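Right, one structure below, let's go through it.
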Amino acid sequence: MHGPGSSGWLLVALCAATGAYCLLRMRSGVEEQRRAAGGEALMGFGMAAMAVPAAVFTPPAWAWPLWAVVFGAAGLHALWAARASARHLHHVVGAGAMVYMAVVMAAAPQGAHHGASGIPALTAVLLLYFTAYVLVTGARLVPVAAVAGGPGTGPGAGSGAGWGDRPELSHACRLSMGIAMVAMLLMM
């Protein structure tokens, strides 16, 4: 990806912070949330590593195929998990996007940037998917006015779940990674 310095560092910080939060979410008492958080932590840290500006660190040639293998394995794991829940299909698409970016970076000459030939079709499809995902996930974070006296409106509402189990925090985590994925796809 290796975009301009300041945007690259912002992307690194966003993805690393998201990965770190996802590691903390792995302490959840709910097994499904722990599993999802582990995959999201891998994505966050992987995206952070791929976004480091080239002026600071240029990965060796073997790093890109290694990333492709790691995210290919993560994608297969998510595909296996998708048998039980369709929610994992997003993880399959995310891992596939990471494999795609790693393969493109491995094939690109050192220091090559996006040319005048336009956006490749697969990049365009991934951009559309992640843009739609960001918009839908962002809409889920918009607060809805609670019905007076309804469940979850009293004092201490929501205090039964730990901070790592709060759905709005996991949505925010996924939203930030979706935004980072759009940025990385645009920098290709």
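Derivation of every value follows stated rules applied to the coordinates shown; laboratory data play no part. Given the structure is predicted, the values throughout are model-derived calculations rather than measurements. Note: ideal-geometry Cβ built from the backbone for every residue, glycine included; neighbour counts use all protein chains shown.
Structural remarks
- Under Karplus coefficients 6.51, -1.76 and 1.60, residue-wise ³J(HN,Hα) of region 44-60 in Hz, glycine/proline x: x, 5, x, 5, 4, 5, 6, 8, 4, x, 4, 5, 8, 8, 10, x, x
- Highest average packing first - 41-54, 79-92, Cβ atoms within 10 Å: 41-54, 79-92
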